[in-house]
Amino acid sequence: MTENNGQFAIETFSLTKIFADWWGRSRVVAVDNLNLKVRNNQVFGLLGPNGSGKTTILKMLLGLLHPTRGRAVVLGGDGKDPKISAQIGFLPEESYLYSYLNARETLDFYGSLFGLNSRVRKSRIDALLDMVGLAGMANRPIGTFSKGMARRIGLAQALINDPKLLILDEPTSGLDPIGTRQIKDLIVELARRGKTILLSSHLLADAEEVCDRVAILYGGLVQREGSVEELLERKDKTQITTNILTDRAMEQIRRIVEKDGGEFEVKPPMQKLESFFIDIVRQAQQAKRPTSGAMNRLEATDAERAAAMSNVLDKLVAAKIEPSEKTEQAEVETVKIRPDDDILGKLTQEPQQITEPVVREKKPETPELPPQQDGIKKDLLNELVKPKGFTERIKKKDKKTEEKKNE
Amino acid sequence: MSRVWAVAKNSFVSAMRMKTAIVFMLLLIILLPILSITSTGDGTIKGRIQSFISYGLGLTGFLLSILTIIVSCYTLSSDIKHKQIYTVVTKPIRRFELILGKTLGVVLLDTLLLLVFSSIIYALTLQMPRLTKTKGDELVRLNNEFFTARASLKPDIDEQVIETKAQKSYKELQRSGQLNDSRSKQAVMQELKDIARYSMHSAEPGGMVIWEFKNVKPFDSNDNIFVRFKFEASRIPPDKNIYGVWYVGDYRQIKYGQEKMKTPIYAAPRKDVVKTVQEFQVPANAVAADGYLAVVFYNEPMNDSTIIFPQEDGFEVLYRAGNFGLNFVRATLIIFARLVFFAALGVSLSTWLGFPVAVMCSLAVFFTGVINGFIIGSFAYLGENVSLFYKYAVEPMIWLLPKFDQGCNISKYIIDAKLIGTAFFAVTIAGLAVKSAILLVAGFIIFARREIAKVIV
Ligand SMILES: Nc1ncnc2c1ncn2[C@@H]1O[C@H](COP(=O)(O)OP(=O)(O)O)[C@@H](O)[C@H]1O
Ligand SMILES: [Mg+2]
């Protein structure tokens, strides 16, 4: 590590990536002039909607993609240099593993790529398998694992060299709530031990919990960067957080505030990063900032999707609301980024009237921004609206959740 | 190195768990014993064994080549396609180590399979005479003509000598004024060269033809050496029989008039029918200590006819220079070197091509190897017009292609019990090694520059 870079684990200088097709046409600016600085022992979150360039940044840091312009310094050197990569742990977007190897063989393979001797490998593999909760499945081929289980192996793989810098691309994707919780705890614990962590995510609650600092990307450009507190601090408001107060205490506070000429509002603490994130994205969209991601067309698609979903749900649970009404409502709301509160509300409430547990699973557990799918096709939507297709999907999902429970 | 080994092991395991490898193995395991029973050849036991070896080695070489091509093209391109490579190249392994590891994995697979199948073929070949209860004369013949490795000596025509001879006669003609202007010098020289060549292998009545060889190394001086010949005569007697005396031994002893003969010179007076292949044996101790051997044919004057040995198949000396086992091992090693070549080719191509295209290219190389002689011939023909381009662009490319036909047809050596000479063996192996190395280095360079995560659609 060179001295002058000592304080930054990652530093990029006008890092830019433009994808061009074979003829050099149809350029996609995936990352635009990125100047990222990640300090040692920081947990840094790259946030942004799908297609905002998060993965592309990580790939450039690791030398999987070559920057069109600019450069990246990782741990004071080039991410491709074996001396540097020996200190990096990387979990890709999806756990790309060899399906024919079992869990132990997989970790053994990655361990030997680090040149670890077999004794060290064995003890680390045991510890890691235990940590990710797959010790009992060490001899099952990875191909038979569920997505979440494979993800856990992917994470174990990223930790086998006891890395100094951990680069995690959407670490919680595909994980069940317990796995998600474990990863978050793990990140906090690793940070406490002095590791640097760069993670990308669109799951804001996750990022908010673990990150010291975040950058919000849109269309390959950093829209806002700062520490989580810094970003969420509102200059015109003061927040007082206490334990639950008695009515009497509350009344007293109100009187004090009103005497001072301030406004008083009482509500339980809420997710904040989420609303902040949506704000940023909306601003960027209103500024007609180009994105190669899926956002532009998503407003309509998203609302339609929500409508379609509730439509099918309605049919499924034989609710009284007319489907046509729903569609209309949805169309009215297309300008909004967030799906119509009404529809969402119904979506999340209706299951409670239903006896079947199937649908309860549909209730979004994280209030994440719904535009998740890249450009859903119209006919696919129509397919969705057909009750049969949807029932099947629900059934599948149900099976999956059952599997997970069984695990 | 441990990293190369880790990659090699992984790619070996992947290939072993790939169904193609199993299918190919089953195919060979079933087909080889069947071949050993069903091969008939010309009906004799020797013919049966020859046709078994021919099909067995041919099939093994062919199937393993195809398997190698498929596996080597698959192992890297599948990692790239299914993105497992992301977690591999981001580890402290250099890209050339990855390429090397992938190739080594395929080579490991080849080693294992070739070892198994060549052993099966070898064992079955040795068993075949026993199973058919061959005995007596046939067994002796089999041992002399099949379970052996004979070196072959053919007259090596020295173009230099012929050229000077022709030049000399040309000057003679010039001096005596026998040249007429209607023919070009080139045409006359060509004719004179033909005459010179012809005269070296022909004997007038009372004349001699002499063949001299160096570096003759019989396996055992108690063996025999075999002189095989065929001649034509300018005047064929009614019974078609020509009389002559053959002398085999160190001719220098006569030429330079040594006091005492160190090695015997054998004389064999014979009477042979024209235009048919004849063979006789003399003890191998006729060969001088330094490997010199001369064979002389003396044309009896009473024949009153000029005897001509055709250039193609007029004369050959065969002698046992090795044993069957060693020859078989050499043949197997040459097949192995070819498989290594294909492993390097497949991996090298898949550093920049997807699986289907890489397989297509490798198969194309394989089949051009099978008809290499034909290709070189046709290019040489074209090449006359574009000689510079041919010399510096086409020729090196053709050189890079492997050769399986003509002199490089390995199973032909085993079938004919012909020794795979040390020099030929070494040159073939080294050539393939150099070609593989060139392909791998090209692969290193391409792969080191490649943007791994770039999606090629
Ligand atoms: N190999 C590629 N070729 C062309 N475009 C690409 C490639 N990889 C990513 N992109 C584009 O770059 C943009 C950013 O993608 P990515 O970094 O994967 O986004 P995310 O933030 O979801 O990880 C997207 O518009 C995507 O379509
Ligand atoms: Mg991504």
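The values are calculated or read from the model by the stated rules, or taken from the named source; none is laboratory data. Nothing here was measured: the structure is a model prediction, and the numbers come from that model. Neighbour counts are summed over all protein chains in view; Cβ atoms, including those assigned to glycine, are modelled from backbone coordinates with ideal geometry. For accessibility, only protein heavy atoms count, side chains too; no ligands or nucleic acids. Shrake-Rupley method; radii C 1.70, N 1.55, O 1.52, S 1.80 Å.
Here are a few things to note about the model shown:
- Inter-chain shielding of B:87-100 (mean C-beta neighbours from other protein chains, 10 Å cut-off): 6
- Crossing angle, helix B:95-131 versus chain B [Cα axis fit, 0-90 degrees, rounded to tens]: 50
- At least 50 Å² accessible surface lost relative to isolated chain, residues of segment A:31-80 (1.4 Å probe): A:Leu64, A:His66
- Dipole of chain B [Lys/Arg +1, Asp/Glu -1 at C-beta], most positive-end residue of B:Ala294, B:Phe444, B:Phe366: B:Phe444
- Probing with 1.4 Å while keeping every protein chain in the model, the per residue accessible area of segment B:204-320 equals 54 Å².
- Accessible surface of segment A:118-254 [probe 1.4 Å, protein heavy atoms]: carbon and sulfur percent: 50
- Per-atom-type breakdown for segment B:156-200 gives carbon and sulfur 48% of the accessible area (1.4 Å probe, protein chains only).
- Within chain B, the proportion of C-alpha pairs whose separation exceeds 38 Å stands at 43%.
- About its Cα centre, segment B:156-200 has a charge dipole of approximately 240 debye under the convention of +1 per Lys or Arg Cβ and -1 per Asp or Glu Cβ, with nothing else charged.
- Percent accessible area from carbon and sulfur atoms, segment B:204-320, protein chains only, probe 1.4 Å: 49
- Take each residue of peptide A:152-158, count the partner chain Cβ atoms within 10 Å of its Cβ, and average: the result is 1.
- Total accessible area lost when A and B pair, probe 1.4 Å, Å² to nearest 100: 2700
- Contact with the other protein chains removes 10 Å² or more of accessible area, compared with the isolated chain and a 1.4 Å probe, from these residues of segment A:108-125: A:Asp108, A:Phe109, A:Tyr110, A:Ser112, A:Leu113, A:Phe114, A:Gly115.
- Sparsely packed loop sites in segment B:154-256 (the trypsin sites (Lys or Arg not before Pro) outside DSSP H, G, I, E and B with at most 14 other Cβ atoms within 10 Å) comprise B:Arg183, B:Lys214, B:Arg235, B:Lys240.
- Anisotropy class of segment B:204-320 from Cα gyration tensor, a/c 1.5 cut: prolate
- Within chain B, the longest segment free of exposed loop sites, counting GluC sites (Glu not before Pro) that fall outside DSSP classes H, G, I, E and B and have at most 16 other Cβ atoms within 10 Å, spans B:1-258.
- Residues in segment A:1-154 average 42 Å² of solvent-accessible surface per residue, probe 1.4 Å, ligands and nucleic acids excluded.
- For chain B, the longest principal axis of the Cα atoms and the long axis of helix B:422-449 meet at an angle of about 30 degrees.
- Considering only B:Gln178, B:Ala166, B:Gln190, and ranking their Cα positions along the charge dipole of segment B:156-200 that arises from unit charges at the beta-carbon of Lys, Arg, Asp and Glu, the one farthest toward the positive end is B:Gln178.
- Principal-axis tilt of helix B:185-200 within chain B, Cα atoms, nearest 10 degrees: 80
- Other residues whose C-beta falls under 15 angstrom from the C-beta of B:Arg17 contribute a net charge of +1, scoring Lys and Arg +1 and Asp and Glu -1.
- Here the contact order of segment B:169-276, divided by its residue count and restricted to Cα pairs under 8 Å and six or more residues apart, works out to 23 percent.
- Ordering B:Leu76, B:Thr90, B:Leu142 by Cα displacement along the dipole of chain B toward the positive end leaves B:Thr90 in first place; charges were set at the Cβ atoms of Lys, Arg (+1) and Asp, Glu (-1).
- Peptide A:93-104 shows a mean partner chain C-beta count of 4 within 10 Å per residue C-beta.
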